[in-house]
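In what follows, a structure is listed as C-alpha cells, so that the remarks can point back to it.
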C-alpha cells in the first residue's frame, strides 16, 4: 500500500518536468520505467510515510518556494566546477540530520512539497525503525545564490561506528560538512568520531545548532561545548530548527560561501571515488561515486582499480535524490553508474574508478579491505532451512561486501554458518534482515572476536572459533583485539560507567570535563568485552544519557583460556568459549547452573562441569530420575499409555544427544543467550 | 542412519489394507499384504499373533457405589442408598440400572459375529470394573451363558472377577463360584483406614479383613490382592505394614499399583505428583523397591511391572495382554484387540447404547477400522514385553521386524545395559555381562540375537524407569 502511494506520487514529477528536448524526454521516460522497477523490487526506496505524517511547515513564502521549485527543476543543468559544493552532514542519532536533509531538498525544490516524505534519505525499513542511516544516499540540488546557480551535492553518511570506513569514504568525497548538534543534548561521542574523520579529510566544517525551538534548548552552552571539545571556531555557528524551517537559507548560503569548490582537474585521467554501492537484482550493482579527477561518459569502458574488474558504463546519472540519467559527469560531480556489475565486491566502497583506455597512474588513497571484527555462528532452528540460509547470505553478500561467512557444523546445532561482521550493529542488522526479509528462524551463538594465536613453532594463526583454538601445549600466547573507547556522559554517571568499564577489563586512560556537567572518559578495553551487552549496559546504567564511540587499536596479549563445558564428561563444543582467566570462574558457574536448570533429568546422575583444560572450575550435578513407571494398563487398554510413551519418545527426538545425555535445543539457545550476557 | 535401515521394512507393510467391516476380511487383507519372508514364519511370527481368533474376553461391569478420588475409568456410580442395607447378600429386587446394562452387554456379545474359520473356546474371561461384585450373580450368569453360547467356554477357563471389600458376602461369593468364577481380584488398596478414607474408597479396613475371611471360607484357591502405593499421606511404615499384612493373608497373587494422578480426577485437581501430601519421587521409588523386595522375599515372582504371583498363579488373562495376543472386550468403554486392531467402545452409557443398537443393525463394527500398521505392532510388542520379567525375545522380534531393528534397539540400550537398568539374557536365561554385550554390538559380523536372546528391565531399577527405557526403543522403531 505504501508502495502504491509512492508510485502514484513521486516519479512522474521528477522526471518529466522542466525538460525540453524530445530525445531527453524519451530517455527520461525510459529511466522512469527502470526506476519504477527499482521501486518495486528494492522496495526500500520509497516506503513513504509522508502521506500519513505531518506536512513539514515551510519557512519560505509562497513566491519563494515557487522560485525554488523552478530552480530545483533545473538541477540537471551543468554549472562550472567552481560553483559545485559537495558536503555531508555529521550528526548524532536523533539530532535531526534527516529532518535537516529533507528540509534542504524541499527548500531547493529538489523534492516538491507534495512528494515530500519524512527522512527521504533513509531507505531501509530497518533504518527507519532505528532512526539511523545504514546505507548512504546522495542528493544533487540546485541553489541560486546572489543570482548565480550552484550545484550542491549532499552525501549522506551512515551514523554508526561499525561503518566508520564507509563514513570516511563519503567524507573523502566532500569538501565540507555540516556539524549538526542538538541544542538540548550537546555533543555526543559518535559525533565526535565523525568530526575527527572529517577533520582528517580536511573538510570545512560548518557548526549548526539544531532544535533551537525546543523548550530545553541551550544553544550558547552547546556552542561552548563544540568549541571546547572539538576546538572548532563557532563564532559563525548557525542556529536553526530544521523542523520549523528556521535557519535553512542561512545554512544553504554558508555552504556556498564557506565550503571550497572542488579542484578543477577535469582534464586529468578519470579518478572517481566510490562511496556506496548496492545490488539491484535487475540491473546489477549500482555504484555511487564522486568524480575527483577527469570525466566519465555513458558507454565508457571503466576500470575498478582495487578489484581489477572492468565494465562498460551502461548508464550514468545523478541522484536527486532519485536516479536521473545524464550523459556525462566531470570532476567535482556526484553520480551513479550502472554497468551490469555482478557483486558489490567488484565495486567496493573506497575503490577508484578510472578509464580503461586512459588509466590513472595511482588510485585514490584510503581504500581498505573489509575486515570483520565480530563473529558468530548462525544456525537455522529448522535444519531444513540450511539451503535457504545459504541463499539468503549469498544474496545479502551481493550487497554487503563486508559480510563474510563460511559453513560450520556443530554437533549440537547441525549445519550453519560462521559469519563475520564489521561490528555489533552490522551483526544485528544482518541477523534481523535474515529473519525479517528471508523468513528464517535462526539460532545465534555468542559473538566472538578474532584472536591471534602465536604457536610454539613460531606460527601465528587467526582464530575466531573457540573450538578451533590450538591446544594449550601448542600455543605460546594469545592476543586479542583491543579498542579505544570514548564515553561521553553527564557527570552523575561517571562512577557507574567506570565501574562498567573496569568490569570489562578496561584500562583507564583519561577523563576530562567537556562542559561543566559532562565528561569524556577514555578507556582501552578488549573488543571481546564489548561484543556482549556492553552498549545495553551503558545505556541502562546512565538512563540512556551516555554515548560511546570505539575504534580498534590493535592486538594485545592477554591471559586468555578456553573454557569448556562438559556434560557427563563429554565436551560440548558449541558451548566452548574463550574468556579471560579472571572471568572463567564466574562464567563457568553461570553456565553450569543454567544448564542444570534446563537439561531434563536422566536415568543416571549427570555431572555438568566447566573446565579449563582438564581442570574443573565449576560443577553441578543433575540428579537421576528415580521413577517413571507405567501404571496398570487397565483391561488391556494400552492405547492411552502408548500415546504417552510415543510423546515421550518424540520429546527425546527433539533433543541432541551429548554422549548419553539428551539435551533439549532450548538449553543450547538459553546458554548461548546467557553467554552473550555474561561474556 | 537408523531411519534408512529400518524404514524399508516397515514401509512395505503400512497403509495398505482398506478398512474392513468384517474381521475375516481384515485378516485376509493383512495376510495378502505380508511379504513372503514374514509369511514363511506365519505360525510363530509375532506379526501373526494377533490374527487368530481370540480366546480371551474382557467384560466391563462399571458399577461402583461411588467414584474413588484417583479413578478416571468409565464407571457408573450407583450411590449408597439402593443396596446399602443388604450389601452382603443379593438385593430383594435388582437395581434396574444394573439389569438394563447387563442386558445391553448381552446384546453386544450376541451382535459380535466373528468370521473366523475356527472357533476355539474362551480360555479366560475377566470381569473388570467398576466393581463387578456389585452385580447380582444371576446377571453374571446371564453374561457367562451368553459367552458360552456364542464363543464357547473352556471347562477349565480362568474366570476372574474384581471384587471390593464391603460389596459381597460369603453367599454371594459362593454363588459366583458356582457359576464358574474361579479367580478373585480383591481391591484392598491399603490397610490403613485413614488412607482408604483419603482416597475415597467405600470400605474400611474391617471390611477388608471380612472380605479376606469370605474368600478363604469359600475356598477360593486363586485370589489376588490389589494394593496402591504412593497414596497421599502414605509413609514408608504404612506401606511396609500393608505389604506385611498382605503377605500374611496369603493371596497367591498380588498386584501393586503406583498411584497415577490423572487429570480430571479429584486427586488431579488438588495434588501435584511428587509434592506433599503425595510422597516425593524418591519416596515412591522407595515404595516400589520395598514392594519388590518384600514380596519376592515372601516367595512371589515379580513377573510383571506391577504383578507378583506364587508359582502357577500368574494371571492368565493378563498374560494375553502382555503377549500381544488378541482378546474380545464387551461393555462400556472397554478396549478389544482383534485382527490387529485396537478398538475402544464408547465411554458414555448413551453412546454405548447407540453403539450396541448400531452393531445389531450392522451399522457399526465391533473391531475397529483402519490398517494394521506394523510399526504399531512392533511398538506394542516392545511396550508389553518390557513390562514382563520375561522381557523382549530378540530372535522372534528380529524375524518379524528385521534384524536391523534389533541391532538398533541394542545400540540404544547399550548404556543402560552398562548402568544395569537392562539385563541381557542368553538362551538359557543366564545373564550376559555388559562387556560382552558391548563387544557384540561393536562387532557387525555377529548376530546379537544368537548370543543375547532376551532383553529385560532389571527389577526394580529398570522397571522403575520403564517409561524412559521403553520410549527409547519407540524412538528407534518409529524415528
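The values are calculated or read from the model by the stated rules, or taken from the named source; none is laboratory data. Here the structure is a predicted model, which is why all the values come from computation and not from measurement. Counting neighbours? That spans all protein chains shown, and the Cβs are built from the backbone with ideal geometry, glycine included.
Among the residues of the range B:200-209, are any closer than 23 Å to residue B:281 by Cα and either touching a strand residue (DSSP E or B) at 6+ places or on another chain (Cβ under 7 Å) or in the same structural domain as residue B:312 (by the TED database) (or both)?
Pass one, the range B:200-209, residues closer than 23 Å to residue B:281 by Cα: B:200.
Next, only the ones that are either touching a strand residue (DSSP E or B) at 6+ places or on another chain (Cβ under 7 Å) or in the same structural domain as residue B:312 (by the TED database) (or both) stay: B:200.
Yes, that holds for at least one residue.
Within the range B:296-303, does at least one residue satisfy the condition of being facing another protein chain (nearest Cβ under 10 Å), closer than 29 Å to residue B:459 by Cα and in contact (Cβ under 8 Å) with a residue 40 or more places away in the chain? If you could, list the steps in order and put the result at the bottom.
As a first pass, look at the range B:296-303 and keep what is facing another protein chain (nearest Cβ under 10 Å): none.
Checking the range B:296-303: not a single residue is facing another protein chain (nearest Cβ under 10 Å), closer than 29 Å to residue B:459 by Cα and in contact (Cβ under 8 Å) with a residue 40 or more places away in the chain.
Going through A:392, A:412 one at a time, which residue ends up being over 16 Å from the mean Cα position of the chain (by Cα), at pLDDT below 90 and surrounded by 14 or more Cβ atoms within 10 Å (Cβ to Cβ)?
Values: A:392 fails: at pLDDT below 90.
Criteria check complete, one pass: A:412.
So, in the range B:462-479, exactly how many residues are farther than 18 Å from residue B:408 by Cβ and facing chain A (nearest Cβ under 9 Å)?
Number satisfying all stated conditions: 5.
Identify, from the list B:157, B:170, the residue that is buried (at least 21 other Cβ atoms within 10 Å of the Cβ) and either free of Cβ contacts under 8 Å to residues at least 60 places away in the same chain or on the phi < 0 side of the Ramachandran plot (or both).
Working: B:170 fails: buried (at least 21 other Cβ atoms within 10 Å of the Cβ).
When all the criteria are applied, what remains is B:157.
Kindly establish whether residue A:537 is under 30 Å from residue A:409 (Cβ atoms) and without any contact (Cβ under 8 Å) to a residue 40 or more places away in the chain. Steps first, answer last, please.
Values: under 30 Å from residue A:409 (Cβ atoms): no; without any contact (Cβ under 8 Å) to a residue 40 or more places away in the chain: yes.
When the stated conditions are applied, residue A:537 does not pass them.
Among the listed residues A:216, A:176, A:247, A:186, identify the single one that is crowded, with 18+ Cβ neighbours inside 10 Å, over 29 Å from the mean Cα position of the chain (by Cα) and in the same structural domain as residue A:102 (by the TED database). Full working, then the answer.
Values: A:216 fails: crowded, with 18+ Cβ neighbours inside 10 Å; A:176 fails: over 29 Å from the mean Cα position of the chain (by Cα); A:186 fails: over 29 Å from the mean Cα position of the chain (by Cα).
Only one candidate qualifies: A:247.
Does the range B:240-249 contain any residue that is without any contact (Cβ under 8 Å) to a residue 24 or more places away in the chain, assigned by the TED database to the domain that holds residue B:186 and over 25 Å from the mean Cα position of the chain (by Cα)?
yes
Condition first: within 14 Å of chain A (Cβ to nearest Cβ) and in a loop (DSSP other than H, G, I, E, B). Now tell me which residues in the range B:370-396 satisfy that. Before the answer, list the steps.
The initial filter retains those residues of the range B:370-396 that are within 14 Å of chain A (Cβ to nearest Cβ), namely B:370, B:373, B:375-388.
Listed by number, the residues that qualify are B:370, B:373, B:386, B:387.
For residue B:284, are the conditions met, namely being within 10 Å of another protein chain (Cβ to nearest Cβ) and either surrounded by 20 or more Cβ atoms within 10 Å (Cβ to Cβ) or under 22 Å from residue B:241 (Cα atoms) (or both)?
Working: within 10 Å of another protein chain (Cβ to nearest Cβ): yes; either surrounded by 20 or more Cβ atoms within 10 Å (Cβ to Cβ) or under 22 Å from residue B:241 (Cα atoms) (or both): yes.
Judged against the criteria, residue B:284 is a match.
Every residue, every condition in (1) under 20 Å from residue A:257 (Cβ atoms); (2) modelled with pLDDT under 80; (3) surrounded by 22 or more Cβ atoms within 10 Å (Cβ to Cβ), yes or no:
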{"residue": "A:102", "(1), (2), (3)": "no, no, yes"}
{"residue": "A:108", "(1), (2), (3)": "yes, no, yes"}
{"residue": "A:118", "(1), (2), (3)": "no, yes, no"}
{"residue": "A:141", "(1), (2), (3)": "yes, no, yes"}
{"residue": "A:144", "(1), (2), (3)": "yes, no, no"}
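Residue B:165 versus (1) part of a loop (DSSP other than H, G, I, E, B); (2) farther than 26 Å from residue B:57 by Cα: which is the lone unmet condition?
(2)
Please enumerate the residues belonging to the range B:138-162 that are farther than 19 Å from residue B:327 by Cβ and part of a strand (DSSP E or B).
Matches in the range B:138-162: B:155 only.
Taking the range A:488-511, which residues are in a strand (DSSP E or B) and modelled with pLDDT of 90 or more?
Narrowing the range A:488-511 to residues in a strand (DSSP E or B): A:488-490, A:507-511.
The answer is A:507, A:508, A:509, A:510, A:511.
Quick one: is residue B:257 surrounded by fewer than 23 Cβ atoms within 10 Å (Cβ to Cβ), away from chain A (no Cβ under 13 Å) and either out of contact with any strand residue (DSSP E or B) (no Cβ under 6 Å at 6 or more places or on another chain) or closer than 20 Å to residue B:227 by Cα (or both)? Write out each step before concluding.
Numbers: surrounded by fewer than 23 Cβ atoms within 10 Å (Cβ to Cβ): yes; away from chain A (no Cβ under 13 Å): no; either out of contact with any strand residue (DSSP E or B) (no Cβ under 6 Å at 6 or more places or on another chain) or closer than 20 Å to residue B:227 by Cα (or both): yes.
The answer is no for residue B:257.
Can you name the residue in the range B:342-368 that is within 14 Å of another protein chain (Cβ to nearest Cβ) and out of contact with any helix residue (DSSP H, G or I) (no Cβ under 7 Å at 6 or more places or on another chain) and, of all such residues, is surrounded by the fewest Cβ atoms within 10 Å (Cβ to Cβ)?
My answer is B:347.
Would the range A:433-446 turn up any residue that is closer than 22 Å to residue A:561 by Cβ and part of a loop (DSSP other than H, G, I, E, B)? Steps first, please.
Keep residues of the range A:433-446 that are closer than 22 Å to residue A:561 by Cβ, which gives A:445-446.
Filter once more, keeping what is part of a loop (DSSP other than H, G, I, E, B): A:445-446.
Within the range A:433-446 (the criterion being closer than 22 Å to residue A:561 by Cβ and part of a loop (DSSP other than H, G, I, E, B)), the answer is yes, since at least one residue qualifies.
Here is a check on your reading of the model: is residue B:412 within 13 Å of another protein chain (Cβ to nearest Cβ) and surrounded by fewer than 21 Cβ atoms within 10 Å (Cβ to Cβ)? So that I can check it myself, show each step before the final result.
Values: within 13 Å of another protein chain (Cβ to nearest Cβ): yes; surrounded by fewer than 21 Cβ atoms within 10 Å (Cβ to Cβ): yes.
In short, yes.
So, residue A:284, is that one out of contact with any helix residue (DSSP H, G or I) (no Cβ under 8 Å at 6 or more places or on another chain), in the same structural domain as residue A:342 (by the TED database) and surrounded by fewer than 18 Cβ atoms within 10 Å (Cβ to Cβ) or not?
Details: out of contact with any helix residue (DSSP H, G or I) (no Cβ under 8 Å at 6 or more places or on another chain): yes; in the same structural domain as residue A:342 (by the TED database): yes; surrounded by fewer than 18 Cβ atoms within 10 Å (Cβ to Cβ): no.
Criteria not met by residue A:284.
Which ranges mark the helices (runs of 4 or more DSSP H) fully within the range B:411-479 that have 3 or more residues being modelled with pLDDT of 90 or more?
Values: elements: B:434-442, B:448-451, B:461-464, B:466-477.
Those helices (runs of 4 or more DSSP H) span B:434-442, B:461-464, B:466-477.
If I filter the range B:216-228 for residues that are closer than 18 Å to residue B:200 by Cα, touching a helix residue (DSSP H, G or I) at 6+ places or on another chain (Cβ under 8 Å) and either surrounded by 22 or more Cβ atoms within 10 Å (Cβ to Cβ) or not assigned by the TED database to the domain that holds residue B:391 (or both), do I get at least one hit? Steps first, answer last, please.
Within the range B:216-228, the first condition is being closer than 18 Å to residue B:200 by Cα, and the residues that meet it are B:226-228.
Next, from what is left, pick out any that are touching a helix residue (DSSP H, G or I) at 6+ places or on another chain (Cβ under 8 Å): B:227.
Subset that is either surrounded by 22 or more Cβ atoms within 10 Å (Cβ to Cβ) or not assigned by the TED database to the domain that holds residue B:391 (or both): B:227.
Within the range B:216-228, one or more residues are closer than 18 Å to residue B:200 by Cα, touching a helix residue (DSSP H, G or I) at 6+ places or on another chain (Cβ under 8 Å) and either surrounded by 22 or more Cβ atoms within 10 Å (Cβ to Cβ) or not assigned by the TED database to the domain that holds residue B:391 (or both).
This table checks each residue for (1) within 14 Å of chain A (Cβ to nearest Cβ); (2) surrounded by fewer than 20 Cβ atoms within 10 Å (Cβ to Cβ).
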residue	(1), (2)
B:398	no, yes
B:401	no, no
B:416	yes, no
B:429	no, yes
B:437	no, no
B:444	no, yes
B:447	no, yes
B:450	no, yes
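If you check residue A:538 against the conditions, is it under 24 Å from residue A:674 (Cβ atoms) and part of a strand (DSSP E or B)?
Working: under 24 Å from residue A:674 (Cβ atoms): yes; part of a strand (DSSP E or B): no.
Answer is no for this residue.
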